[in-house]
Each structure stands twice: as C-alpha cells, then as structure tokens.
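The values are calculated or read from the model by the stated rules, or taken from the named source; none is laboratory data. Being a predicted model, the structure only gives us computed values, none of them experimental. Using ideal geometry, Cβ is built from the backbone for each residue, glycine included, and neighbour counts are taken over all protein chains shown. Side chains included, ligands, DNA and RNA excluded: accessible areas come from the protein's heavy atoms. Shrake-Rupley method; radii C 1.70, N 1.55, O 1.52, S 1.80 Å.
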Amino acid sequence: MSDFPFVDGHMHAEGVPLARIAEDVGTPCYVYSAQAMVSAYDHFAGTLRDTLGHEQPMTVCYAVKANPNLAVLATLAARGAGADVVSEGELRRALAAGIPPEKIVFAGVGKTRHEIAYALRQGIHQFNVESLPELAAIDAVARELDTTAPVALRVNPDVDAGTHHKITTGRAENKFGIDIDMVPEVLAELRHLPNVTLHGLAMHIGSQIPELQPFRDAFTRLAELYRQLRREGWPVSRLDLGGGLGIAYRDEPPPDVAGYARVVREIIGPLGAELAFEPGRHIVGNAGILLARVLYVKAGRARHFVIVDAAMNDLIRPTLYDAWHEIVPVDRPAPGTPTVRADVVGPVCETGDMFAEGRPMPAVAAGDLLAIFSAGAYGATMASPYNSRLAAPEILVHGGDYAVVRARPSHAATMAAESVPAWLTGTGGGRPAG
Ligand code: LLP
C-alpha cells in the first residue's frame, strides 16, 4: 500500500514514521492515512461520474458503520460525501462532521420511533425501509410531527453475493429488506399511509463482494421492479444501490471499480433515476492499520506464538469471519532473518484471540512493531472493552503531520460510568439486603 511506504527500511504512514507514533501514543493504536481514504473516495466517485456521465444525479453516501470516527467523516465530508447511517448515533456523528442532512440516508432493520423522530426533525434525505411494520411506524411518527417522511423500499433481491455468510444480506433467508415478491403487498398498504412519500427503491446485498455478477443480478431485478412501479404510476425517481464492493486484503486482484461502474451504467443508467451508493469498506478499509507491539515470543513444541499487545477486542475480524489481515514488521527485517510459521495472538483469554494462524513471516522479537493491514474498516468501530482493555486510540495522518483523533481513555474514565449500589457501599459488609 503506497500510503504506508517503507522509507530507509522503516514503515511510514504517509510521511510519518510509525515508530514515532508508537513512541508518542503507545500501542496498540489505529493509524489512518487521510490521503488513502481521499484517493479511494475520489476514485470511486470519480469513476462512477465519468462512466455514468456528469449529468447523472448521484450521491456517494459513505457507510458510517465502516469507520465512524469524526475526523474520518469530516475528511470525507470535505470531498462531498453524504452518509448512510443505521442509528441515531451514526446520524449525530454524520451531522457533527458537517455532512448535510439532505445527503443522509437512514438504513437498518430496527429503527426505533425515537430515532425516526430525530431523523425526521433533522430533515434527512430518505429512510430506507425494511418492512411493512417499519413503514407504518415511520408514517405514525411523521403524522405526530405533522410532516411527511421520504422513503425508499429496501428490497431483498434474493441474490447470493458470494461472500462470507455472516456478511451476506441479499438472500431471502437474511433479515434484511423486503422480499422482492412481497413489494406489491407493501405498496398496497402504502396507499393508506398518507405521511410517507415513496421516492424509490434501495438494495444492499452484502459486503466484501468479490465478483461483479451478484451486483449484475441484483441490479437487473431492481431495475425490473423500478420499471414496473413507473408503469403502475408510482412517481419513483430514486435508486440506492447500496455498498459491498470489496477490497484486496491479500494479493488478490483489487475489485474493479470501473467494471462496477460499467455494470451500473448498463443496467441502471437507462432508468434515468437519481442514484445513491453506500460504500464503506472500499473507502476506508485499506486506509488504516492496527499498530501493535510484540510483547513476547513463545516458541512452544507445537506452535510458534507471537504475542502482541493488540487483541480480538481491538480487531475482531480474524476470529469472527476468519478474515485474513496482512501482518508486516514495521522495521524491515535484517537480511538473513529466518521465516517462521507464527500464530500471532493477543493477550485476551480466548483461544480465538488471534490475528493469524501458522502464518509464514519473518522471525520477530519482543519490542518489535507490527502493522496489521486493512484495518481501516470494521476495526475500531467493532472494538469492545472485553478483558477490561482500553479502547485503542485512533490516529489520522496527513502528509508529515498526525493527530490523535480519538484518545486512549483512562481506566478511571472507563469506570466512571459504572457505580456500586448503596447496599454494597454501606457498612453492612457489602452484602445485598435480605
Ligand atoms: N449499506 C448497508 C445497508 C449496509 O448494511 C452496509 C454494511 C453497507 C452499506 C456498507 O457495506 P460495505 O461497502 O462496507 O461492504 N463487519 C463486517 C461487515 C459488515 C457490513 C455490514 N453492512 C466485516 O468486518 O466484514
């Protein structure tokens, strides 16, 4: 990755040596390259614009869930990005980072009435609705607020995205979207809901999709349905095509944005609809690393363990999805360094706490720094405090500068939200009454 170059044998993030960040901020920490996310965003948006034509109305609504750090959102907002949010928290973050409400879509299967009301008051662009009961709830909340909610129906096109089963969303058996065959029933109900306005359709079939064919199949079904709605006189004018375009985690060829854009042009272009895209991983995935330090090397009889100070609570993808993340020593190994097959593991008390199993890598020693790649998406945001570990800080690099964009909390601050009830703090020896 060119935004994490080696200079004189030492890995940098843009112009900043990673060793310096580790020294200043401590490890583990997430390090993001602003340049990498800006180029991924510009390439994605620019390729679509060039392929679809500049007169094609479109918004790239960055999927906030991939990396919701305010500095990341502000970086993308400055490039003109909108946002795809799935909770009040994400919506608040997008607004706080300067993303205008008219560029924000609200997706997700379980929006609460409170969240719906908040989003309506902010004047967001559209709700992507995932069920009939949700549609009725949005209508009711809009009525209470004496307004009308702009909606798109998220349809489930029943297409196999060919990705990991835990991140596939467009099969009939997945909880997401309205079954495409059931849309007529929902439309029949929608006629009786005066406080929602149907603007169009939405879809999202999964994440880290390696091929273009699932997109082709899903777009074809969506286009058919869109045409049918227009024929029936529904005044629909918007299509939200979701996210899902993958990134290269290993040495596989990186997914082809140009090919994706051509599929959109061929199938969706002729409809003349206003388009939205919801890429997450593709924008930030390869813009971030998790920086960890080797604590111990434990050469067992069966295994060679490299124990690092980052753990599954910081980056859960390897154990949750068996995901491969490239692991590279920050200092180029001296010539002649042997290659070992290492299990790179963290300090958490779970066998699943590992970043790599039997991975061939140069032998490392305690104190060495390792960069765990492709951690910009679904890394920090999926972290947990398991084993009472402090959240890893996040650093954003910009040329030769860097900023701590999320500080490591203190143990005191982490415990401050908890309290011990009075019956335990009295003189009764800490035993519950009764
Ligand atoms: N739109 C919707 C409605 C989504 O549910 C998602 C992701 C996206 C857009 C963005 O998808 P992307 O472009 O990033 O593929 N934690 C998993 C990924 C879960 C994705 C959930 N939805 C992982 O680490 O692989």
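No solvent, one uniform scatterer per C-alpha: report log10 I(q)/I(0) for the stretch 131-203 via the Debye equation at q = 0.20 1/Å, two decimals.
-0.81
What size of dipole, in debye to the nearest 20, comes out for the stretch 34-281 about its Cα centre when the only charges are +1 on Lys and Arg C-beta atoms and -1 on Asp and Glu C-beta atoms?
Roughly 400 debye, rounded to the nearest 20.
Length gain on complete extension for the stretch ASP146 to HIS54, per 0.36 nm per residue less the alpha carbon to alpha carbon distance?
Contour length minus Cα-Cα distance gives 29.4 nm.
Roughly how many debye, to the nearest 20, is the charge dipole of the stretch 92-172 about its Cα centre, given +1 on each Lys and Arg Cβ, -1 on each Asp and Glu Cβ, and no other charges?
Using Cβ point charges on Lys, Arg, Asp and Glu, the stretch 92-172 gives about 300 debye.
May I ask you to derive the relative contact order of the chain, considering only C-alpha pairs under 8 Å and at least 6 residues apart, and to give it as an integer percent?
So the answer I get is 19 percent.
Starting from the 7 Å offset along Cα-to-Cβ, what nm value, one decimal, do you get for the label separation of THR339 and ALA302?
2.5
For ALA416 and MET182 in the same chain, what is the full-extension length gain: residue separation times 0.36 nm, less their Cα-Cα distance, in nm?
79.4 nm
By accessible area of protein heavy atoms, probe 1.4 Å, what ranking do TYR386, TYR62 get, highest first?
Correct descending sequence by accessible area is TYR386, TYR62.
What residues have an amide H closer than 5 Å to that of PHE4, excluding those fewer than 5 places away on the same chain, when H is modeled at 1.01 Å from N in the peptide plane?
Amide H neighbours of PHE4, under 5 Å, 5+ apart: GLU14.
When you count, for each residue, the other Cβ atoms within 10 Å and take the mean per peptide, how do 129-136, 356-363 rank with the highest first?
Final packing ranking: 129-136, 356-363.
Under the classification rounded if a/c is under 1.5, otherwise prolate if a/b is larger than b/c and oblate if not, where does the stretch 1-121 fall, given a ≥ b ≥ c as square roots of the Cα gyration tensor eigenvalues?
oblate
Highest mean first, what order results for 418-426, 337-345 on Cβ atoms within 10 Å?
In decreasing order of mean packing, 418-426, 337-345 become 337-345, 418-426.
Arranged from highest to lowest average of other beta-carbon atoms within 10 Å per residue, in what order do the peptides 42-51, 278-287 appear?
278-287, 42-51
Taking 0.36 nm per intervening residue step and subtracting the Cα-Cα distance, what contour gain separates GLU266 from LEU424 on full extension?
Details: separation 158, 0.36 × 158 = 56.88 nm, distance 6.73 nm.
Here the answer is 50.2 nm.
With contacts defined as alpha carbon pairs under 8 Å and 6 or more residues apart, what's the relative contact order of the stretch 34-281 in percent?
After rounding, I find 21 percent.
On average, how much accessible surface per residue is there in the chain, in Å², for a 1.4 Å probe, leaving out ligands, DNA and RNA?
44
What per residue convex hull volume, in Å³, comes out for the stretch 247-360 when only alpha-carbon positions are used?
Convex hull volume per residue, Cα atoms: 145 Å³.
Given the whole protein assembly as supplied and a 1.4 Å probe, what does the accessible area of LEU275 come to in Å², nearest 10?
The value for LEU275 is about 10 Å².
Tell me the carbon and sulfur percent of the accessible area for the chain, rounded to whole percent, probe radius 1.4 Å.
Working: 9910 of 18990 Å².
That fraction is 52 percent.
For the chain, compute the orientation-averaged projected area of the C-alpha convex hull (one quarter of its surface), in nm². Don't skip to the end; give the middle numbers.
Numbers: hull surface 104.4 nm².
With the hull built on Cα positions only, its mean projection is 26.1 nm².
Can you list the equivalent-ellipsoid semi-axes of the stretch 64-165, largest first and in whole Å, using the square root of 5 times each Cα gyration tensor eigenvalue?
Working: eigenvalues 100, 82, 22 Å².
Over the Cα atoms of the stretch 64-165, the semi-axes work out to 22, 20, 11 Å.
Calculate for the chain the 222 nm mean residue ellipticity that helices alone would give, adding -39,500 (n - 2.57) per DSSP H run of length 4 or more and normalising by residue count, nearest 500 deg cm²/dmol.
Mean residue ellipticity, 222 nm, calculated: -8000 deg cm²/dmol.
With each pseudo-label sitting 7 Å past Cα toward Cβ, what's the GLU189-SER2 distance in nm, one decimal?
Going from the GLU189 label point to the SER2 one covers 5.1 nm.
Sorted from largest down, what three extents in whole angstroms do the Cα atoms of the stretch 34-281 have along their principal axes?
If we take the Cα atoms of the stretch 34-281, the spans are 52, 38, 37 Å.
Only bridges with both residues in the stretch 34-281 count here: give the DSSP antiparallel percent, nearest 5.
5
What does the charge add up to near VAL7, with Lys and Arg as +1, Asp and Glu as -1, over the other residues with Cβ less than 14 Å from its Cβ?
-2
Taking the Cα centre as origin and putting +1 on Lys and Arg beta-carbons and -1 on Asp and Glu beta-carbons, what dipole magnitude results for the chain, to the nearest 20 debye?
500
With point charges of +1 on the Cβ of Lys and Arg and -1 on the Cβ of Asp and Glu, referenced to the Cα centre of the stretch 34-281, which listed residue (GLY110, ALA71, ALA161) lies farthest in the positive direction of the dipole?
After comparing all options, I get ALA71.
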